Structures are given as structure tokens and as C-alpha cells.
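What follows is a short report on a single structure.
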Amino acid sequence: MENTEFSIIPDKAQYEVGKSVYLEIKKPERAEAERVKISLFTYQGKNLEMEFALDREVYLPLTENISEKTGGYLVKAEFFQKDEKLGSCYTAFDVVNCWTEAPRYGFLSIFSEEDKQQEDYQEFFREMHLNVIQFYDWMYRHDDFYPEGDIYNDIMGRKGSMAAVAEKIKGVHACGAKAMAYGAVYGAESFQETHPECRYLYDNGKPMVFIDKIWLMDIHRGTAWRKRILQEYGKALKNGFDGVHMDQYGDPKEALVLENGKYVIRDLADDFRDLINETKETYPEKQFIFNAVNNWPVDSVKKSREDCVYIEVWSPNDTYRDLYRLIAHARGTEDEKKVILAAYLNPFKTDPESSLNGATAQLAMATIFASGGYHLLLGEGGNILTEAYYPDNCKIGEHPIRKTLKKYYDFITAYGGLLFPESWTDMTMQYAGGINSEFAFENVEWSPYPEAGKVWIRVYKRGREFSIRCVNFTGISDMNWNRTHAELPQCAEKIKVKVKLPGEKKEIYAVTPDSEIQEPTALHYEAKTGEDQRQEITFELERLSVFSVVYLRLE
């Protein structure tokens, strides 16, 4: 029986082109492994194989040319004592020009003096490949980021340390990730006292105040507040942050403001876009993410110079189909911005035991990833977000769900090329179901949209390549993504796929994060001429637990 206690993770959460790639190997104390075989896989099969002699705890250098071009890789490590195989394990890594090509967003929210020396988050970020980290509520005040001294109490009464913030910026950089400073675009505490003319007002003339602590300020070009918030962003960037997470609260959408001595109604959507653009113009080497709360105003801001499209999801966007719709609508920008959903999983707060042992996280992640989006879910040293106030999260520790999460994040890191590039065109409604004959699915109840009791299948095309994404909702009756799903879906087996397309050469692989075998599986197929004189290619997906993708290439 193989030893399952071996582990391997990359020394960085992500690599830029040309950077050296190292793998950290850890062996169980009693394991006598003397060598390790490293195999690299893409979604098109095995890419590279090499062997190394082993010490107790080592960093193994991969061949230098592996980082010469962008792409993702699954890593399989097999440990041997002479000819006896002792165990195996997996990890993944990817190579990019810039993190915005694959933004696996994570978070930090604890910046106390006592926490300053904690480093467990670095290993977790490398393990899950979290390459861009939001520093949530790290600042002294929303309108005055840095206090006079090191120790401070933030607006919510939490004690913080700017030395701890600085150490964590260094720690994030050390593990190959980027640090994003949280900064609300219109929140102020004391600034409104000296600049009452910058307050947003209700119709009755009263100022807009969030949670009775934070006054909302006028962000439109030329105001004193606009100048102030750009200065505060600049301070954060000067002190080591790589960018800013520009937050808003989703309400108001319109407000009374003082303009040329008169109060007028302003549409904030236009001002948000203009603020993002001026921020990027002011700090062109930095990156910026803006929070389109519940998809507002995504149509405006996705055309701005923000670096990713970020949507914090709330009701009435309650269903898995809503998650797909949000991502599909946000994608397709001219500059191919990636989409991130902040879909906080409240069941990990209200019913943590059932959620930790069930399918709550898997179904949400599978839906978001299959739709071509990223998911802000994980952070700290092993925590799951449950709500918009990040310090109130669910600590997973060494619960078995950590291995499940690792498989899913290995999956999107290694096989992200099957899911996220804008070069994939969704052709489901033209190629499958109804009058379409190019793709047929048998032995399964399926739907082109997430639907209770069915397998959700989408077909994407890129030239002569196809990415067939399958998420299993068999046995799932409640399609609300933010409810407890205590049971896994019923396994769907022997899904037969019939493809009517030309091509003499065929390549067909299946990949899934739900199996102990994480490398691509070549699928056997048969090809014949059908009654309609078209080539008919038939293959079978043996087992669908939650999430699988089939890669088909025809030449």
C-alpha cells in the first residue's frame, strides 16, 4: 500500500516567464525514499519526465526551459526505494506574463502585532497557488490609511500593527504573490468634518452614512475627496502594495452632490469608471480591481482600465445558473479581462460541519470554474470566506476538505488553459441539443444550463479544439449556491458522447479534480461513417462525480 503522507508544493504561487521553478519535497519521517520521479502534464497529456536523488527536505529545480512560455502544468511525484514505489502525490504550477492572466484571488485580514511573525499563510498560498492577495481592512481609517505610530485600532475596534502589515507584504512577495491594498472609493471618517461639501446626501438633505461609522463622499472629478483618496492609494503603493482593491458598497447608485453651488443628482456608475481610469493613469505600473457589487455597474466598469472584472455576489443572484450568467455577461471585454466572483459561502458559518463534509464548496467552485471565472474563497493559513466582513471566516485546519480544495486549485492551475482564455467560444446552443447534431450525450439527463437533477454541459470551441465542461447536479434538488449541500451529487456513470465532426486525427483526454488520479486520462474512441454520411466519433466518460472537462482535438 502506498504511503500518502508525501507532499510536494512549488516554491512560488505562480511564476513569471523566465523565472526558475523549484518544487519543495517533504517526506514522512520513516520513509526511506532515495529518489523521486517527477512527471509534468498538460491537458494534452505527459509533457516531461525527470528523476532526482532525495534528501530529507529539498527543493528540486526543474529544467530552465519550462518557464520560457506561458502555460499550466500538473506535477506528479512518485517516490522510490530502489525499485519499490513507496508513494506519490501531486501539485501544479503555472507560468504567466502577469498575474492578471490567471488571478487566483486570496485574502488576509489579521494584522495584529502578535500575528506579525506568523508564516503559515505563505505555505497555504503556495499549496493553493493563490497568486494575488487582498489585504482586507488593513488600514487605520478609510480616509487616513497610515496612523502616526505602529499600533492602532481600526474603525471596527480591532487592534492592528503597521509593522505586521509590512511583514505580510514581504511574506506575500516571498511566496510569489501580489499584495492588493483594500481601499473603499468613497468611505471617510474625519475628512467629512472638514469637507462637508463632499458628502453624498439623501433627498432630505441628510448625509449618507454606512454602518453609522463611515460617511460616503463625492468621488467625481475635481472634488477634494477625489484628490484625497488618490493620495491615500499612492501612500499604500509607495509602501509596497502592488495594487488596490477599490471597494464600493452597492448602495447608493445615485446621490445628491454639491456642484457649482447647487445640489444635483449624480449617477455613480459614470463616476466609478472615471475614477478607475484616473487611478490607473496616476499609477500606470500598478494593478487595480473594482468591486461591481451584485453586478453593478459592471457594464460601465468592465470598459474601464481596471485589470480584472470583480463581482461580489448577493441575492437575488441566488442560483448556480446566476453564477454562470454573471460570468458569461462579464466576459468578452476587448482587453480579455479575467472575471472573479466573490461568492461568500455562508453555510460554512451557519452549518460548518455539514458544509465541510458535503458538496457546498465543490458545487460553487465547479460552477464558477466551468463558466470561465475565478472564485475569491480562500485565505489566511487555511480559511474559507463566509461573508463580506472577512475576519468572520471558517478555519478549515487539517480537515479533509483541505485536500479537496487543493485538488480543485491544482486543477485550475494546471488545466486553466481549458477554462479561462477568451479564445474559447461558447458554442453549446449551436452544437448540442435541440436541432443540433454535432454533439449528443446519452445515458444521462443533461441540460445546457445548471438545472436540478441533471448534468450541466457546456461545449466551447477554439479552432479545431473543444472543451466540454461537465458539472454534476444529479440528485441535487436545491439550486441555491449559498445553501448547505450536505450530500455529494449522485455519481453519473458511462456518459456516452457522440460527435459528428470531420477530422482524421483525434485526441481525447478527460481531466477531473475529483479523482485520486489527477493526470489526464486518454479516452478510447470509435469512429465510423453514420447513416447521414458524416463521421461519427463515439467515446465514454466513465464517471462524473462533480466536475470534469473533456478535451477534444480534431485535425
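The values are calculated or read from the model by the stated rules, or taken from the named source; none is laboratory data. The shown structure was predicted, so the numbers you read here are calculated from the model rather than taken from an experiment. Cβ coordinates were reconstructed from backbone atoms using ideal geometry, including for glycine residues, and neighbour counts include every protein chain displayed. Remember, those area values only see protein heavy atoms, side chains included, never the ligands or the DNA or RNA. Shrake-Rupley method; radii C 1.70, N 1.55, O 1.52, S 1.80 Å.
Say we look at the stretch 175-205 and pick out the residues that are in contact with a helix residue (DSSP H, G or I) (Cβ under 9 Å, 6 or more places away or on another chain) and among the aliphatic types (A, V, I, L, M); which of these is nearest to residue 93 (Cα to Cα)?
Selected residue: 177.
Could you please find all residues in the stretch 211-234 being in a helix (DSSP H, G or I) and either aromatic (Phe, Trp, Tyr) or in contact (Cβ under 8 Å) with a residue 24 or more places away in the chain (or both)?
Correct list: 224, 225, 226, 228, 229, 230, 232, 233, 234.
Residue by residue, here is whether (1) open to solvent by 30 Å² or more (accessible area, probe 1.4 Å); (2) in a strand (DSSP E or B) holds:
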site	(1), (2)
52	yes, yes
69	yes, no
72	no, yes
75	no, yes
89	no, yes
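Among the residues of the stretch 273-287, are any of a type in the set (Phe, Trp, Tyr), more than 24 Å from residue 157 (Cα to Cα), open to solvent by 10 Å² or more (accessible area, probe 1.4 Å) and assigned to a loop (DSSP other than H, G, I, E, B)? If you could, list the steps in order and put the result at the bottom.
Let us first name the residues in the stretch 273-287 that are of a type in the set (Phe, Trp, Tyr), namely 283.
Still in the list and also more than 24 Å from residue 157 (Cα to Cα): 283.
Next, from what is left, pick out any that are open to solvent by 10 Å² or more (accessible area, probe 1.4 Å): 283.
Filter once more, so that each one left must be assigned to a loop (DSSP other than H, G, I, E, B): 283.
Within the stretch 273-287 (the criterion being of a type in the set (Phe, Trp, Tyr), more than 24 Å from residue 157 (Cα to Cα), open to solvent by 10 Å² or more (accessible area, probe 1.4 Å) and assigned to a loop (DSSP other than H, G, I, E, B)), the answer is yes, since at least one residue qualifies.
Check 257, 298, 293 and return the single one that is β-branched (Val, Ile, Thr) and either in contact with a helix residue (DSSP H, G or I) (Cβ under 6 Å, 6 or more places away or on another chain) or open to solvent by 50 Å² or more (accessible area, probe 1.4 Å) (or both).
Result: 298 is the single residue among 257, 298, 293 that is β-branched (Val, Ile, Thr) and either in contact with a helix residue (DSSP H, G or I) (Cβ under 6 Å, 6 or more places away or on another chain) or open to solvent by 50 Å² or more (accessible area, probe 1.4 Å) (or both).
Here is a list: 403, 461, 454. Which entry is over 16 Å from residue 328 (Cα atoms), surrounded by 16 or more Cβ atoms within 10 Å (Cβ to Cβ) and out of contact with any Cys (no Cβ under 9 Å at 6 or more places or on another chain)? Even if it seems obvious, please write down each step before you answer.
Working: 403 fails: surrounded by 16 or more Cβ atoms within 10 Å (Cβ to Cβ); 461 fails: over 16 Å from residue 328 (Cα atoms).
Selected residue: 454, the only one of 403, 461, 454 that is over 16 Å from residue 328 (Cα atoms), surrounded by 16 or more Cβ atoms within 10 Å (Cβ to Cβ) and out of contact with any Cys (no Cβ under 9 Å at 6 or more places or on another chain).
Which members of the stretch 406-445 meet the condition of being outside any helix (DSSP H, G or I) and surrounded by 19 or more Cβ atoms within 10 Å (Cβ to Cβ)? Spell out how you get there, then give the answer.
At the first step, the residues of the stretch 406-445 found to be outside any helix (DSSP H, G or I) are 415, 419-427, 432-445.
The answer is 415, 419, 420, 424, 426, 432, 439, 441, 444.
Out of the residues in the stretch 316-369 that are without any contact (Cβ under 8 Å) to a residue 24 or more places away in the chain and not charged (D, E, K, R), which is most open to solvent (accessible area, probe 1.4 Å)?
So, considering only residues that are without any contact (Cβ under 8 Å) to a residue 24 or more places away in the chain and not charged (D, E, K, R), the one most open to solvent (accessible area, probe 1.4 Å) is 316.
Return the pairs, sorted by first residue and then second, in which the second residue is assigned to a loop (DSSP other than H, G, I, E, B) and of a type in the set (Phe, Trp, Tyr), the first residue lies in the stretch 195-210 and is without any contact (Cβ under 8 Å) to a residue 24 or more places away in the chain, the beta carbons are less than 9 Å apart, and the residues are 6+ apart or on different chains.
207/200
In the stretch 513-535, what count of residues is obtained for those that are surrounded by fewer than 13 Cβ atoms within 10 Å (Cβ to Cβ) and polar (S, T, N, Q)?
2
Across the stretch 1-19, what is the total count of residues that are at pLDDT below 95 and either open to solvent by less than 30 Å² (accessible area, probe 1.4 Å) or among the hydroxyl-bearing types (Ser, Thr, Tyr) (or both)?
Of the residues in that region, 3 qualify.
Table: residues versus (1) in a strand (DSSP E or B); (2) closer than 30 Å to residue 355 by Cα; (3) touching a Phe, Trp or Tyr at 6+ places or on another chain (Cβ under 7 Å).
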site	(1), (2), (3)
513	no, yes, yes
532	no, no, no
540	yes, no, no
552	yes, no, yes
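Given (1) in contact with a Lys or Arg (Cβ under 7 Å, 6 or more places away or on another chain); (2) part of a strand (DSSP E or B); (3) on the phi > 0 side of the Ramachandran plot, where does residue 494 come up short, assuming only one miss?
It fails just one condition, (1).
So, in the stretch 170-181, exactly how many residues are among the hydrophobic types (A, V, I, L, M, F, W, C) and farther than 11 Å from residue 236 by Cα?
Of the residues in that region, 4 qualify.
Among the residues of the stretch 464-475, is there at least one that is surrounded by fewer than 17 Cβ atoms within 10 Å (Cβ to Cβ) and either part of a strand (DSSP E or B) or under 21 Å from the mean Cα position of the chain (by Cα) (or both)?
no
Please state which one of 233, 249 is within 27 Å of the chain's Cα centre (by Cα) and open to solvent by less than 10 Å² (accessible area, probe 1.4 Å).
Numbers: 249 fails: open to solvent by less than 10 Å² (accessible area, probe 1.4 Å).
So the residue among 233, 249 that is within 27 Å of the chain's Cα centre (by Cα) and open to solvent by less than 10 Å² (accessible area, probe 1.4 Å) is 233.
Taking the condition polar (S, T, N, Q), touching a helix residue (DSSP H, G or I) at 6+ places or on another chain (Cβ under 7 Å) and farther than 17 Å from residue 512 by Cα, does residue 360 pass?
yes
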